[in-house]
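K.L.:
Would you mind keeping the following structure in view while I ask a few things?
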Amino acid sequence: MVTFVTTNPGKVREARDYLDDPVEQVDLDYPEVQADDLATVAAAGARAAYRELGEPLVVDDSGLTIDAFDGFPGPYSSFVEGTLGIERVWELAEREDNRDAAFRTVVAYCDGQPFEASPEPVDTERRGQDLAAGERGEATTDAQVNADEGIPVKLFEGIVPGTIVAPRGDGGFGYDPIFEYDGRTFAELATDEKNAVSHRGRALARFAEWYAEADR
Ligand code: ITT
């Protein structure tokens, strides 16, 4: 069983269609940190949810990046959907010659345990502190590393390139009606078709492969 912590049932529908294990939605609105990258937001969200629930879980942080807007709305996608709305995002993009965009998802898994060495990125709170110390020119000592009480989080990323278009289609959710991939918007695809190519599908595929084999 996979616990998916999200307020968004659309994400859970896609995950159910994708994973062999049953997926349970826990509708917990964990505090989201404000950061420029999705991985930081997802890792912090997984930790916050784990502290609250104390059971193995995944969270997913996703966003739409529009090239002509230097990647905006990115981590602000939810806020922009709720304020401007996707119709006005299209109207802004319509004025641009370049309508290239990408959807990105970072799936973050946390069970409170450290992970075996693997090619997938692992984020620990300690690592963030080490980076900050490095920027201040301070060395990291073994004692500091051994005193690490950060909760490790494993991250799986998926990206899909596309184009912003006038809204079409009734499926999916969020920005799907204005995101075109290979001639159709994501809102014109069935869930399994979207999963086969989408950012979340790609991230979930990586997670599912690891989850099936991981010695947890
Ligand atoms: P949780 O944080 O509770 O999981 P959320 O809907 O706020 O739910 P995100 O912050 O990850 O999720 O999503 C950011 C925005 O991107 C939000 O407006 C979503 O509707 C949109 N979004 C995420 N995944 C999408 C997808 O697959 N297709 C279209 N829009 C998507």
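K.L.:
Explain nothing, just the number: relative contact order of segment 1-70, from Cα pairs under 8 Å at least 6 residues apart, as a whole percent.
P.N.:
33
K.L.:
What do you get for Rg/Rh of segment 47-127 when both radii come from the Cα atoms and Rh is the Kirkwood radius?
P.N.:
1.12
K.L.:
Sticking with this structure for a sec: Helix 199-213 against the longest principal axis of the chain: what's the angle in degrees, Cα atoms only, rounded to the nearest 10?
P.N.:
Long axis of 199-213 versus the principal axis of the chain: about 40 degrees.
K.L.:
While we're looking at this one, here's another question. Between ASP36 and TRP210, how many nm apart are label points set 7 Å from Cα along the C-beta direction?
P.N.:
In this crude spin-label approximation the distance works out to 2.4 nm.
K.L.:
Then there's this: Which angle between 0 and 90 degrees, to the nearest 10, do you get for helix 9-18 versus the longest principal axis of the chain when only C-alpha atoms count?
P.N.:
The helix 9-18 is inclined about 80 degrees to the chain.
K.L.:
What FRET efficiency would be calculated for the residue pair LEU28, ASP70, taking the C-beta separation as r and a Förster radius of 30 Å, to the nearest 0.05?
P.N.:
After rounding to 0.05, the efficiency reads 0.40.
K.L.:
Now, a different point. How large are Rg and Dmax for segment 1-112 when only the alpha carbon atoms are used, in Å?
P.N.:
Spelled out, the Cα radius of gyration and Dmax of segment 1-112 are 15.4, 48 Å.
K.L.:
What distance in nm separates the two pseudo spin-label positions at GLU55 and GLU91, each 7 Å out from Cα along the beta-carbon direction?
P.N.:
Label-label distance for GLU55 and GLU91, simple model: 4.5 nm.
K.L.:
Sorted by accessible area (1.4 Å probe), largest first, how do LYS154, LYS11 line up?
P.N.:
I get LYS11, LYS154, largest accessible area first.
K.L.:
Hey, what do the phi angles of segment 156-163 turn into as Karplus ³J(HN,Hα) couplings, whole Hz, using 6.51/-1.76/1.60 and θ = phi - 60°, x for Gly and Pro?
P.N.:
Here the 3J(HN,Hα) series is 10, 10, x, 9, 9, x, x, 9 Hz.
K.L.:
Another one. For segment 181-212 and segment 38-108, write down the distance between their C-alpha centroids in whole Å.
P.N.:
16
K.L.:
Continuing with this model, one more query. Hey, what number do you get for the chain at 222 nm if only DSSP H runs of n ≥ 4 count, each worth -39500 (n - 2.57), divided across all residues, to the nearest 500?
P.N.:
-11000 deg cm²/dmol
K.L.:
Please report the relative contact order for the chain, taking Cα pairs under 8 Å with a sequence separation of at least 6, and give it as a percent rounded to a whole number.
P.N.:
In percent, rounded to a whole number, it is 21.
K.L.:
Grab the beta carbon distance between THR83 and ILE159, set R0 = 22 Å, and tell me the FRET efficiency rounded to 0.05.
P.N.:
Efficiency, rounded to the nearest 0.05: 0.30.
K.L.:
Taking H as built 1.01 Å from N, whose amide H comes closer than 5 Å to the amide H of ALA214, not counting residues under 5 places away?
P.N.:
Distant-sequence amide H within range of ALA214: zero hits.
K.L.:
Moving on. Using the Karplus curve 6.51 cos²θ - 1.76 cosθ + 1.60 with θ = phi - 60°, what ³J(HN,Hα) values do you get for each residue of segment 181-192, in whole Hz, with x for Gly and Pro?
P.N.:
With the stated coefficients, segment 181-192 comes to 10, 6, x, 10, 7, 4, 6, 9, 9, 5, 3, 5 Hz.
K.L.:
Out of every Cα-Cα pair in the chain, what percent are more than 29 Å apart?
P.N.:
29
K.L.:
Still on this structure, I have one more. Hey, what do the phi angles of segment 27-37 turn into as Karplus ³J(HN,Hα) couplings, whole Hz, using 6.51/-1.76/1.60 and θ = phi - 60°, x for Gly and Pro?
P.N.:
Working through the residues one at a time gives 8, 9, 8, 5, x, 9, 6, 9, 8, 7, 10 Hz.
The values are calculated or read from the model by the stated rules, or taken from the named source; none is laboratory data. Values in this document were obtained by computation on a predicted structure and should not be read as measured data. Reconstructed Cβ throughout: ideal geometry from the backbone, glycine too, with neighbour counts over all protein chains shown. For accessibility, only protein heavy atoms count, side chains too; no ligands or nucleic acids. Shrake-Rupley method; radii C 1.70, N 1.55, O 1.52, S 1.80 Å.
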